[in-house]
Amino acid sequence: MGSIKLEKVSKSFGEAVVIPSLDLEINNGEFCVFVGPSGCGKSTLLRLIAGLEDVSGGRILIDGKDATDLQPSQRGLAMVFQSYALYPHMSVRSNIGFPLKMAGVEKAEIDRKVEDAAKILNLTDYLERKPRQLSGGQRQRVAIGRAIVRSPECFLFDEPLSNLDAALRVNMRLEITELHHKLGATSIYVTHDQVEAMTMADKIVVLNKGNIEQVGSPLELYHSPRNLFVAGFIGSPK
Ligand code: ADP
Ligand code: MG
């Protein structure tokens, strides 16, 4: 449950080739971080996996099954955006429950699932508040709550902490990896921040211009960077 495989995945926007051809395997339960400079195609790759963009070529397999043509809602994935993607006029309860409401789940079950998610995320006392009445970290937790409420097998995070201040980022890193383990999920986490990659990942995928420069554990990349790009990005001399 929760494995993802990309086979010769490519993506172009018109003439612009953003991802030439990419092969990658992410195992069940792994915390995989995509890292690379701005514009290298991290978000595009995540959106292809989520089904928010169509591939130009290649296949995406989820749990061994071809998911290339499935709608986002059929893929068993949940995407966590930056915290400002909350609905400002809705309570925390309604924000977290929104995906279930859209899926036609009945109210009693929505309430139960929202309350379970709130417990995991320490938001129980904040369910009737509006997003503007919360701190940055609490807002980010609500955004995560909206993702976990559907019990996905896989989480996709796109730079979820980039709006938060430095101290809070450190806390949220820990909270996200703890949650990942608690839920037994597979996670893909996009960042341009080397420290986040090194501290959170089981597996790091270093991207450059839509190509994979290297895949490995933080220690492998640190001690045996394959080239100067990886060395420069991960921060050890080659
Ligand atoms: P990253 O997340 O690594 O910063 P992106 O995946 O957002 O990079 O973007 C990679 C490249 O693809 C950039 O050059 C960007 O301009 C281009 N791009 C992304 N989305 C679109 C789109 N919808 N239409 C055209 N170009 C796009
Ligand atoms: Mg991006």
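Bear in mind that the values in this text are calculations on the coordinates, not laboratory data. A quick note: this is a predicted structure, and the numbers were derived from the prediction, not measured. Note: ideal-geometry Cβ built from the backbone for every residue, glycine included; neighbour counts use all protein chains shown.
When +1 charges are put on Lys and Arg Cβ atoms and -1 charges on Asp and Glu Cβ atoms, the dipole computed for the stretch 131-238 relative to its Cα centre reaches about 220 debye. Listed peptides 183-190, 67-74 appear in the order 183-190, 67-74 once ranked by packing, highest mean of other Cβ atoms within 10 Å at the front. Highest mean packing first, where packing is the average number of other Cβ atoms within 10 Å per residue, the peptides 44-50, 141-147 line up as 141-147, 44-50. Of the residues Leu219, Leu179, Leu61, the one that moves most in a GNM of the chain with alpha-carbon contacts below 10 Å is Leu219.
Applying 0.36 nm per residue to the separation of Asn208 and Lys107 and subtracting their alpha-carbon distance, the gain on full extension is 31.8 nm. In order along the stretch 21-37, the phi-based Karplus estimate (6.51 cos²θ - 1.76 cosθ + 1.60, θ = phi - 60°) of 3J(HN,Hα) comes to 5, 9, 10, 7, 10, 10, 7, 3, x, 7, 9, 10, 10, 8, 10, x, x Hz; Gly and Pro are listed as x.
Between Arg226 and Phe13, the FRET efficiency from the beta-carbon distance, with R0 = 30 Å, is close to 0.60. Given axes a ≥ b ≥ c from the Cα gyration tensor, I'd like to know whether the stretch 1-57 is rounded (a/c under 1.5), prolate (a/b larger than b/c) or oblate. Judged from the Cα gyration tensor, the stretch 1-57 comes out prolate (a/c at least 1.5, a/b above b/c). Summarising the amide proton neighbourhood of Thr186: residues at separation of 5 or more, or on other chains, whose placed amide H is nearer than 5 Å comprise Gly29, Cys154, Phe155. With helices as the sole contributors, the chain gives -10500 deg cm²/dmol at 222 nm; each DSSP H run of n ≥ 4 counts as -39500 (n - 2.57), and the sum is divided by every residue.
Among 204-216, 7-19, how do they line up from the highest to the lowest mean number of other beta-carbon atoms within 10 Å?
Result, highest mean first: 204-216, 7-19.
Suppose every K and R has +1 on its Cβ and every D and E has -1 on its Cβ; what is the size of the dipole of the chain about the Cα centre, in Debye to the nearest 20? The dipole magnitude comes to about 460 debye. Quick check: from the Cα gyration tensor, does the stretch 57-168 come out rounded (a/c under 1.5), prolate or oblate? The shape class here is oblate.
Distance between the pseudo-spin-label points of Asp116 and Ser21 (7 Å out from Cα toward the beta carbon): 4.4 nm.
Among Val55, Val195, Val80, the largest mean-square fluctuation in a Gaussian network model of the chain (Cα springs under 10 Å) belongs to Val195. With θ taken as phi - 60° and the Karplus curve 6.51 cos²θ - 1.76 cosθ + 1.60 applied, the whole-hertz 3J(HN,Hα) list for the stretch 150-161 is 8, 6, x, 7, 9, 9, 10, 10, 10, 6, x, 9 Hz, x standing for glycine and proline. Considering the chain as a Gaussian network with a 10 Å cut-off on Cα pairs, which listed residue, Lys113, Lys203, Lys182, attains the greatest mean-square fluctuation? In this elastic network of the chain, the residue with the biggest mean-square fluctuation among Lys113, Lys203, Lys182 is Lys182.
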